[in-house]
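Engineer: Sharing a structure with you now.
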Amino acid sequence: MQYSAKVMDHFANPRNVGEVAEADGVGEVGNPACGDIMKMSIKVKDNVIVDAKFKTFGCGAAIATSSISTEMVIGKTLDEALQLTNKAVAEALDGLPPAKMHCSVLAEEAIEAAIDDYLKKTTGKGLEKKKAPSHEDHHHHEPDFRPN
């Protein structure tokens, strides 16, 4: 598998490893299929992410996507950070092999989970959930057949 120099750099020298002391929000996501687990913690001041750290158990791509995504959200407002897509994470690393794109999705989800946790703690209300995954969409559109 061919990784970009940026992926290798963030894997070999990950940024923002660890946990933010007295974190305002913590999100943990995992992909049981590949065994990657990502834990993201954030510090928020005046609606801006002033610090973000990660702990990732996973492959090099999972570590690299965690590392670069923390760099991408520090200094951003919560709304700006929520705009971060897995595609942007992958592009910031000069691309990921197709088999590793799920790692960038995990990074996006970990940030969302940390922000969701922060909002629940501060406002009592988490993020509005995104549109349901496509496999759930099918249930809405299929006729309701039930055996008699």
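The values are calculated or read from the model by the stated rules, or taken from the named source; none is laboratory data. Remember, predicted model here, so these are calculated numbers, not experimental data. Because the Cβ atoms are built from the backbone with ideal geometry, glycine has one as well, and the counts that use them run over all protein chains shown. Areas reflect the complete protein model, heavy atoms only, side chains present, ligands, DNA and RNA absent. Shrake-Rupley method; radii C 1.70, N 1.55, O 1.52, S 1.80 Å.
Engineer: Check the straight Cα-Cα distances from residue 45 and name the lysines below 29 Å, setting aside those fewer than 8 residues away within the same chain.
Structural biologist: Excluding near neighbours in sequence, the set is 53, 55, 76, 87, 120, 121, 125, 129, 130, 131.
Engineer: Moving on. If you take the Cα atoms of the stretch 14-53, find Rg, then find the Kirkwood Rh from the mean of 1/r over all pairs, what is Rg/Rh? Mind showing how you got there, number by number?
Structural biologist: Values: Rg = 11.7 Å, Rh = 11.0 Å.
Ratio value, two decimals: 1.06.
Engineer: With the Cα gyration tensor of the chain in hand, convert its eigenvalues to equivalent ellipsoid semi-axes via √(5λ) and list them largest first in whole Å. Intermediate results must be reported in sequence, preceding the final value.
Structural biologist: Values: eigenvalues 153, 98, 32 Å².
Ellipsoid semi-axes (Å, largest first): 28, 22, 13.
Engineer: Another question, if that's okay. Of the accessible area of the stretch 1-87, with the probe set at 1.4 angstrom, what percent is carbon plus sulfur?
Structural biologist: On the way: 2360 of 4420 Å².
Its accessible area is 53 percent carbon and sulfur atoms.
Engineer: Rounded to the nearest whole Å², what accessible area per residue is found for the chain with the 1.4 Å probe? Could you put the intermediate results ahead of the total?
Structural biologist: Working: 8650 Å² over 148 residues.
In whole numbers, the chain has 58 Å² accessible per residue.
Engineer: What's the longest uninterrupted piece of the chain once you rule out the trypsin sites (Lys or Arg not before Pro) that are loop residues per DSSP with at most 13 other Cβ within 10 Å?
Structural biologist: Free of exposed loop sites, the longest segment is 1-124.
Engineer: Tell me, what is a quarter of the convex hull surface for the C-alpha atoms of the stretch 1-85, in nm² with one decimal? Kindly include the intermediate steps, with their values, before the conclusion.
Structural biologist: Details: hull surface 23.2 nm².
Its Cα hull, projected and averaged over all orientations, spans 5.8 nm².
Engineer: Looking at the calculated P(r) for the stretch 56-115, what percent of the C-alpha pair distances fall above 19 Å?
Structural biologist: Numbers: 337 of 1770 pairs.
Summing the P(r) of the stretch 56-115 above 19 Å gives 19 percent of all pairs.
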